[in-house]
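Novice: After the structure tokens below, expect a handful of questions from me.
Bear in mind these aren't lab numbers, they're just calculated from the coordinates by the rules spelled out. These numbers come from a predicted model, not from an experiment. Cβ atoms come from the backbone with ideal geometry, glycine included; neighbour counts cover every protein chain shown.
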Amino acid sequence: MFDLDQAIRKIPDFPKQGILFYDITSILTNPEAFAYCVDTIVGIYRDSGIDAVACIEARGFLFASPVALQLGLPIVLVRKKGKLPGETLEKTFSLEYGMDTIQVHKADVAAGSRYLVIDDLIATGGTVKAAVELIEEGGAAVHEICCIIGLPFLPYKDLLSGYQVRTLIDYHSE
């Protein structure tokens with residue numbers, strides 16, 4: 001079994017004092033760790049009946065792209081406002097220090113389809129919840145949410161209580 005924890009760089013006091021930052025770039029510079037993450041996700045969802053993969057800008061793109069490719073599924077990009085040229089669905093949500101807006105191409109969400117939502121890390125769950133709501137506004141369903149890192153000491157489980165959230169590794173305290 002691969003020790004994913006050893007592949008994740010932890011940076012204390014970033015982006016501010018008292019925060020321990022879990023840096024997934026160290027996974028990306030380690031081909032064995034990156035392959036472990038992609039292969040594990042592919043193995044979990046290979047026979048799940050999902051129709052597409054939705055991923056959240058920007059680091060979610062890095063994990064979701066090879067997963068979607070290996071599963072032979074379309075990939076739908078959930079991007080920050082102003083990055084998509086076509087007709088979009090958009091959702092504004094609260095962040096720790098303000099608001100943000102994400103969008104998805106309306107034409108990319110296939111009504112009646114089942115989506116896997118992928119991101120790199122889930123903490124409070126606000127961005128993921130907004131992405132889920134965009135998929136649902138497009139008439140599709142969210143099968144599951146999958147993130148590389150989970151921080152269950154933060155309230156994402158409460159915010160996403162109606163959804164199955166799967167992580168490859170959890171950290172239980174700051």
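Novice: Treat region 49-170 as a sphere of radius equal to its Kirkwood radius over Cα pairs and apply Stokes-Einstein at 37 °C in a medium of 0.692 mPa s; give the translational diffusion coefficient in µm²/s, rounded to a whole number.
Specialist: Approximately 232 µm²/s, per Stokes-Einstein.
Novice: Helix check for the chain. Which DSSP H runs span at least 15 Å along their own axis by Cα, with a mean Kyte-Doolittle hydropathy no less than 0.5?
Specialist: Those that pass (Cα extent of 15 Å or more, hydropathy at least 0.5) are 31-45, 59-71.
Novice: Using the Cα centre of the chain as origin and beta-carbon charges of +1 (Lys, Arg) and -1 (Asp, Glu), tell me which of 148, 17, 41 is placed farthest towards the positive end of the dipole.
Specialist: Farthest along the dipole direction, towards plus: 17.
Novice: In addition: Quick one: P(r) of region 12-101 from all Cα-Cα pairs, 10 Å bins, percents rounded to integers, in order of increasing distance.
Specialist: P(r) for region 12-101, in whole percents per bin: 14, 34, 34, 18, 1.
Novice: Here's another thing I want to ask about it. Using the count of nearby Cβ atoms within 10 Å as a rough guide to exposure, how do 161, 65 rank from fewest to most?
Specialist: 161, 65
Novice: Same structure, new question: Among 1, 53, 72, which residue has its Cα furthest toward the positive end of the charge dipole of region 1-72, with +1 on Lys/Arg Cβ and -1 on Asp/Glu Cβ?
Specialist: Positive-end residue among those listed: 53.
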